[in-house]
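Heads up, the thing below is written out as structure tokens.
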Amino acid sequence: MLSEPPGERPPGYPEWLERTLRTASGTTISVRPIRPDDAPRLVAFHGALSSHSVYMRFFSPHPTLTQREVERFTRVDYHTRLALIAEVDGELTAVARYDRWPETTEAEVAFVVADAWQHHGIAPVLLGLLAEAARRRGVETFTASTLLDNRDMLVVFSHSGFHPTTSLAGGGVVEVRFSIVPEGQAIEGAGQPC
């Protein structure tokens, strides 16, 4: 079940991205674009992450989000910057986002999944939806920076149905790059409608 909708949707809010889906592991998730009124939930979500999950996402210890980060993460334009949240039974379980590089057809993606919900197929679903939304906005390529130790995220990319290339950037960081333009085949991981 999606959390209660706000009285007014933010400008450009893409209602078509609101979906209830079943992941490959059978978990039913509700997905929708993030809204500014999600700020308190995002702060609580981040605060409940293990130090390991935070390190995998931010590449450093980062126990709390700054007010500036909360604003940036929850106030998106839904075009050049989009974030999706996943919920299970009303609990915020994951956040995925893309940020388009200015004046390009490329966007950087990032994910974080609550510890208790990792390995439930949520990240692949969010990746598929982000790709669908980004393609509609003229994005052709996703990039990501992840730690070499973040094998889970590297597996998500390698099993996505896209064809990622990777390169070591130094400091234990892997740069991932892949086209999100379909090659005449269905993209895996997009979830099944419920």
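The values are calculated or read from the model by the stated rules, or taken from the named source; none is laboratory data. This is a predicted model, so every value here is computed, not measured. Cβ coordinates were reconstructed from backbone atoms using ideal geometry, including for glycine residues, and neighbour counts include every protein chain displayed.
Here are a few things to note about the model shown:
- Of everything listed in (1) more than 19 Å from residue 138 (Cα to Cα); (2) part of a strand (DSSP E or B), the single unmet condition for residue 98 is (1).
- Filter result for residue 94 (surrounded by 12 or more Cβ atoms within 10 Å (Cβ to Cβ), closer than 21 Å to residue 16 by Cβ, in contact (Cβ under 8 Å) with a residue 24 or more places away in the chain and not β-branched (Val, Ile, Thr)): yes
- Given (1) part of a loop (DSSP other than H, G, I, E, B); (2) at pLDDT 95 or above, index of the condition residue 31 fails: (1)
- Scanning region 40-54 turns up at least one residue that is loosely packed, with under 15 Cβ neighbours inside 10 Å and either among the hydroxyl-bearing types (Ser, Thr, Tyr) or not in a helix (DSSP H, G or I) (or both).
- Filtered residues of region 141-153 (kept if under 16 Å from residue 52 (Cα atoms) and either in a loop (DSSP other than H, G, I, E, B) or under 15 Å from the mean Cα position of the chain (by Cα) (or both)): 146, 148, 149, 150, 152, 153
- Total residues in region 111-135, condition of a type in the set (A, V, I, L, M, F, W, C) and either over 21 Å from residue 12 (Cβ atoms) or part of a strand (DSSP E or B) (or both): 10
- Which listed residue is without any contact (Cβ under 8 Å) to a residue 40 or more places away in the chain, assigned to a strand (DSSP E or B), surrounded by fewer than 21 Cβ atoms within 10 Å (Cβ to Cβ) and not polar (S, T, N, Q), from 71, 103, 108: 108
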